[in-house]
Amino acid sequence: MLFSMIIPVYNAEKYVHEAIESLINQTVNFKENVEIVLVDDGSTDQSKIICQNYVSQYPSNITYVYRDNAGPGSARNTGLNHVSVHSDYIGFLDADDLLSENSLEKVASFFSQHEDVQLAVIPLYHFERIDTPHRLNYRFERGDRVIHILEEYTGIHFHIGGCFFKAEHFLNNPHMRFQTDIKFWEDALFINTFLLEHKQYGVVSEAKYHYRRRVDEDSLVSNAWYQKSRYTEMIRRCYLKLINESKSRYNEILPYVQFLITYHSRLYLFPKNNPIIYEVLTQEEQEEFFEEFVRLIQLFDQKYIIEQDMPFYYKTYLLNLSDNGWPYKEDFSPKKIEKQKVVITDCNYRGLKWLIKGHFKNKAYFMKENDRLFIKAKDKLTYLPKTEIPGKLRIIWGTIVRNYEHAGFETTLPFYRSKFQFGLETESGNRYMLNEVNLKKVKLG
């Protein structure tokens, strides 16, 4: 067997030696089973010298190609043009990432047992700045297996690092290449266009792809949010292209595609990303993006929003856009307020008194500065002293989607007042009765 591993290199002098070493030290015999194609995408640091040193040590196994900077997609295409005609499998590794030492052995074993599978992927684990498994690693919990995207639409995949393809598909089809006129998501677009054709891929659970999350955040992924093309152009040239490919092949937007794009597009809402749009785009460009984003969301069944693993306020925001369009429209009513509740976060019994703390849980309504919580027991109202809860404010594109600032309380109650009902009185004088409580049976929020 021969693995051809393609590594795009761009100003990676701090890391590329580790990536190469992780391939040299595989449990399979490096000199017999592995070739590395290093594609220098116009580096201006010492990457060239480091790569050439490895070539001099392993001239039969390592190839170095220099080219003017054109982005990772173009660099990978150059790598594909230089793999051996004897290659069995083609894999991809980024210059600042690593493979576990058993990766190639486990992938080769998987392919030998699943001859009809053309793509296998391995789980991704972050390291350096954060040390966590990737959110999509749930696909590997059942061990090595084949995922059929028409049957398991939540089995989505994006990242080219740790992908291994049967080489024959590249060698027999020189047009099977990465799109080069986009600056990001070219790997996700390539992978998922491939999956729309082949309908399945394998997961190899015991190998590991170590994805470096740099301390300095100096990476293409981080910087992409400061490029205009990350917004409206991204929707039109990436998301919609995949949608149109799905329609062309299946006459519908497959659930897999709906779930995948919904999962990825939620990144625009995250606190570290959503304010950047105001730095990067003009007001006219902002409105164009918001409207394009909403049109995208409205193409999908809302169930794929509801099924996402993300906080409720993101889901509520997206569902509101799906229903009401842009600009965002406040959508609450007295009935919705009454469905909310007060959460007790601390409850103790001391000296014939209850000591309780908590807050109003705000899925439909955010408490204002002059709103008040109260408890009602035997027709008697007792207003609760407020406590502020810092750090609970979330804003998406100018709309507050979560705010606990005025929602907290802390109070003491006599021992006999263990049963009561919470209520909310707004600054306009309206009262809404909320959840009933028995402190003897309370479950802390």
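The values are calculated or read from the model by the stated rules, or taken from the named source; none is laboratory data. This is a predicted model, so every value here is computed, not measured. Heads up, the Cβs are rebuilt from the backbone with ideal geometry, glycines too, and the neighbour counts pull from every protein chain shown.
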inquiry  = Here's a check for you: in region 323-339, which residue that is within 20 Å of residue 395 (Cβ to Cβ) and either at pLDDT below 85 or surrounded by 16 or more Cβ atoms within 10 Å (Cβ to Cβ) (or both) is farthest from the chain's Cα centre (by Cα)?
reply    = 332
ask   = How do the pairs read when you match residues in region 7-34 that are touching a residue at least 12 places away in the same chain (Cβ under 8 Å) and part of a helix (DSSP H, G or I) with residues anywhere that are surrounded by fewer than 16 Cβ atoms within 10 Å (Cβ to Cβ) and hydroxyl-bearing (Ser, Thr, Tyr), using Cβ under 9 Å and keeping only pairs 6 or more apart or on different chains?
value = 31/60
request  = Tell me, please, whether a residue that is at pLDDT below 95, crowded, with 17+ Cβ neighbours inside 10 Å and part of a helix (DSSP H, G or I) can be found in region 162-170.
outcome  = yes
note = Counting only helices (runs of 4 or more DSSP H) entirely within region 200-275, those with at least 2 residues that are farther than 30 Å from residue 20 by Cα are 240-250, 255-265
message = Of the conditions (1) touching a helix residue (DSSP H, G or I) at 6+ places or on another chain (Cβ under 6 Å); (2) of a type in the set (A, V, I, L, M); (3) within 21 Å of residue 144 (Cβ to Cβ), residue 80 satisfies every one except a single condition; which number is it?
response = (3)
task = Quick one: count up the residues across region 65-77 that are touching a strand residue (DSSP E or B) at 6+ places or on another chain (Cβ under 6 Å) and surrounded by fewer than 21 Cβ atoms within 10 Å (Cβ to Cβ).
result = 3
request  = Return the total of residues in region 150-171 being out of contact with any Pro (no Cβ under 9 Å at 6 or more places or on another chain), aliphatic (A, V, I, L, M) and closer than 23 Å to residue 239 by Cβ.
outcome  = 1
request  = Please go through region 319-378 and pick out each residue that is without any contact (Cβ under 8 Å) to a residue 40 or more places away in the chain and polar (S, T, N, Q).
outcome  = 320, 322, 324, 333, 348
key: residue 180, sole failed condition from (1) assigned by TED's automatic domain parsing to the domain that holds residue 305; (2) of a type in the set (Ser, Thr, Tyr); (3) not in a helix (DSSP H, G or I)   = (1)
key: Set 253, 243, 276, 235: member being over 30 Å from residue 114 (Cα atoms) and either free of Cβ contacts under 8 Å to residues at least 60 places away in the same chain or of a type in the set (Asp, Glu) (or both)   = 276
message = Here is a check on your reading of the model: is residue 297 hydrophobic (A, V, I, L, M, F, W, C), surrounded by fewer than 16 Cβ atoms within 10 Å (Cβ to Cβ) and without any contact (Cβ under 8 Å) to a residue 40 or more places away in the chain?
response = no
ask   = Restricting region 340-355 to residues that are hydrophobic (A, V, I, L, M, F, W, C) and surrounded by 16 or more Cβ atoms within 10 Å (Cβ to Cβ), which is farthest from the chain's Cα centre (by Cα)?
value = 354
ask   = So which residues in region 183-211 are modelled with pLDDT of 95 or more and of a type in the set (Lys, Arg)?
value = 199, 208
query = Could you count how many residues in region 359-402 are at positive phi, surrounded by 13 or more Cβ atoms within 10 Å (Cβ to Cβ) and more than 31 Å from the chain's Cα centre (by Cα)?
reply = 0
